[in-house]
Amino acid sequence: MKYIYLFIYLFTLTAFTINAQEIISPNKNIKVIVEKQSDEKSFGQVYFRILYKNKSGYTEVIPNSPLGIVRNDQQFSDNLKFIGESKSKTVNEKYEMISGKRKLCENLGNEKVLKYVNSNNKPMNIVFRVYNDGVAFRYEFTEKSNSVVDIIDETTTYTIPSSTNRWVQPFKNSYEDFFPFSDTGKGEDNKQEWGFPALFKINNNNNNNPVWVLISEANITENNCAARLTNIKNPNQYKVTYAPARDDFKQVGVKTMLPWFSQWHTLILGELSDVVESTLITDISEPNTLKETSWIKPGAVSWIYWAFNHGSKDYQKVVEYTDLAVEMKWPYVLIDWEWDVMTNGGDIVAAVNYAKSKGVKPLMWYNSGTEWLEPTPVDRMLTSEKRNKELAWLKEIGVYGIKVDFFNGDQQDMMKYYIDILKDAAKYQIMVNFHGATVPRGWARTYPNLMTTEAVYGAEWYNNKAILTNKAAAHNTTLPFTRNVIGSMDYTPVTFSDSQHPHITSYGHELALSVVFESGFQHFADRPKAYYDLPQEPKEFLKNVPVTWDDTKLVDGYPGEKVIIARKKGDQWYLGGINGKAEKQTLQINFNFLDKGNYKLKLIKDGENDKSFAVEVIKVKKGSVLNVECLPRGGFVAVIEKK
């Protein structure tokens, strides 16, 4: 009798897994299994799961997670039948980024196309790519349609183990909030709606082999909307959810002709360093579409808004910040909102001409015209006709970039608006900074004139609420593992004086943000006097610190507690380390990232108090270890040169 039971068990197991497909990463460390939990002749739900190989073998990090998508005319979710798969092929291309965490990148992964039909015999493909540092997948409808089709929902859901630690931001259109730690998946307001990216620490009970997973999405086109995550039904199941309709835009999802493909759904996974150093978001995005890019030049920017909210309507204040850029050797000055009503000695053209006369390149702010309509100028970018007229004028007077603010949501019309701005700005050789905007989704590769995006609870919030004062240090040590992983981040860092609400991070901490945070336009936000009054060493550091990098390494860190980032430019390494705790902490630098040889390290760290610095010059080499004592909410920077 026991043999009969064994036969029944084996038959049942085979019936439920006969359709399993596997895709494995080039280094064999990540395995994706896709299966339909019914026999191959039946229709049903398709699931995927992810296994990660560590010292003890493969561990399941993402359990069975549903796949599927819903159109207005067809359903492709629980009524799918597997009909075939492509051979596994290697995707292998090298590309360069103008801005970002690494100049030379490699898009290396294994791809399979899995083919299904629904109960009406309509086809859908699911394309999986498995990389050494993550997984990406998307849906494809390959049939042609003669009419518009509505893509209205996904059944895509990420299942995580119940013991998982998570750092996920409550969703807001602006993506300006904290990434609070949680081990339950429940929010304070019970909305259970979360923005990308979402960070998870799997295998918390195994301290030797935790696996980190960062979920986001990439390669949004005009034929996509952006998504968010919801876990209303089950706190450990995060469903991909399209943006809801707006009062002025009733559409949910996407209206499109077929053929059509979705955004790439991305999971960066591995050790914490794998997450921080990953370029998966740009790897999976479309290559550069611009033929000529020599005019795209990232750089440091002097920024008036943090200290003087309405300062850009005062010509003399703009002159003051232009002179700051000259003194600090920063190539740009940003003229922020209300420049259209500038007085006190000159107008916007005079301000632009003054900047150019000093060898400083002006950037200018615009209201997108889609959400908060009070700050001016409004509505000069909203339509193609107005936008091209304005961009032509900017090119004529000598403006190098625009900052466009206050976008209204993640619907398809907003995705098209972002892309239209990038395309049109490129025609006039104008760089772009998006504020009040969605998070990066790979556009910096496709349209490299995109220098940075806000989508972060940044330093400008010292202007608005008192909450950042006490939360900033922990928040700053969470962002390198979350928001800044997926693209340039316009935090507007490095402030030593106070805005409307004080900061209690140390001067060493603030200085370190220039390295810890990556942004193609790095807007230094403080008053001119705060920079002029710095001691010589930190002042010279800010004059010379790069904003683009040849390589990036996570030296050490943990979300909310500490982080040390090493970034390479030419033959030099720049280090930034910050303490996220309200108590003293020793940060340890292991120099294993260095090549062989002898090096000189110049360290600028916390001094005797949080408003002072101490400077040391130390000899180091590969394998050296250096302990740096940090004040509460403190930090340090260092420059390493080969002797």
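The values are calculated or read from the model by the stated rules, or taken from the named source; none is laboratory data. No experiment lies behind these values; they were computed from the predicted model shown. Quick reminder, even Gly has a Cβ in these numbers, built from the backbone with ideal geometry, and neighbours come from all protein chains shown. Surface accessibility is based on the protein's heavy atoms, side chains included, excluding ligands, DNA and RNA. Shrake-Rupley method; radii C 1.70, N 1.55, O 1.52, S 1.80 Å.
Quickly run through segment 605-629 and pick out the residues that are out of contact with any Gly (no Cβ under 7 Å at 6 or more places or on another chain), in contact (Cβ under 8 Å) with a residue 60 or more places away in the chain and in a strand (DSSP E or B).
Val615
For every residue, the table says whether it meets (1) closer than 17 Å to Ile284 by Cβ; (2) in contact (Cβ under 8 Å) with a residue 40 or more places away in the chain; (3) open to solvent by 50 Å² or more (accessible area, probe 1.4 Å).
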site: Ile50; (1), (2), (3): yes, yes, no
site: Asn79; (1), (2), (3): no, yes, no
site: Lys89; (1), (2), (3): yes, no, yes
site: Glu96; (1), (2), (3): yes, no, yes
site: Tyr116; (1), (2), (3): no, yes, no
site: Met124; (1), (2), (3): no, yes, no
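Which of (1) touching a residue at least 40 places away in the same chain (Cβ under 8 Å); (2) in contact with a Lys or Arg (Cβ under 7 Å, 6 or more places away or on another chain); (3) farther than 18 Å from Thr279 by Cα is the odd one out, the single condition Thr438 does not satisfy?
(2)
Does Ser519 satisfy the condition of being part of a loop (DSSP other than H, G, I, E, B), buried (at least 21 other Cβ atoms within 10 Å of the Cβ), small (Gly, Ala, Ser) and in contact (Cβ under 8 Å) with a residue 12 or more places away in the chain?
For Ser519, the condition - part of a loop (DSSP other than H, G, I, E, B), buried (at least 21 other Cβ atoms within 10 Å of the Cβ), small (Gly, Ala, Ser) and in contact (Cβ under 8 Å) with a residue 12 or more places away in the chain - is met.
Do you know which residues across segment 366-415 are small (Gly, Ala, Ser) and more than 20 Å from Val349 (Cβ to Cβ)?
Ser368, Gly369, Ser384, Gly409
Looking at the structure I just gave you, is Lys41 assigned to a loop (DSSP other than H, G, I, E, B), modelled with pLDDT under 90 and exposed (fewer than 14 other Cβ atoms within 10 Å of the Cβ)?
Spelling it out, Lys41 is indeed assigned to a loop (DSSP other than H, G, I, E, B), modelled with pLDDT under 90 and exposed (fewer than 14 other Cβ atoms within 10 Å of the Cβ).
Looking at (1) over 23 Å from Leu534 (Cα atoms); (2) touching a helix residue (DSSP H, G or I) at 6+ places or on another chain (Cβ under 6 Å); (3) surrounded by fewer than 23 Cβ atoms within 10 Å (Cβ to Cβ), find the lone condition where Ser294 falls short.
Result: Ser294 passes all but (2).
From the list Ala466, Ala444, Ala455, pick out the single residue that is touching a residue at least 24 places away in the same chain (Cβ under 8 Å), open to solvent by 20 Å² or more (accessible area, probe 1.4 Å) and closer than 19 Å to Ala218 by Cα.
Ala444
Does Ser56 satisfy the criteria of being open to solvent by 20 Å² or more (accessible area, probe 1.4 Å), over 17 Å from Ser278 (Cβ atoms) and free of Cβ contacts under 8 Å to residues at least 60 places away in the same chain?
Considered against the rule, which asks whether it is open to solvent by 20 Å² or more (accessible area, probe 1.4 Å), over 17 Å from Ser278 (Cβ atoms) and free of Cβ contacts under 8 Å to residues at least 60 places away in the same chain, Ser56 comes out as no.
Evaluate the following for Asp177: is it outside any loop (DSSP other than H, G, I, E, B), at pLDDT 95 or above and open to solvent by 20 Å² or more (accessible area, probe 1.4 Å)?
no
Name the residues in segment 331-372 that are modelled with pLDDT of 95 or more, part of a loop (DSSP other than H, G, I, E, B) and open to solvent by 10 Å² or more (accessible area, probe 1.4 Å), would you?
Pro331, Trp337, Glu338, Met342, Asn344, Gly345, Gly346, Asp347, Lys358, Gly359, Gly369, Thr370
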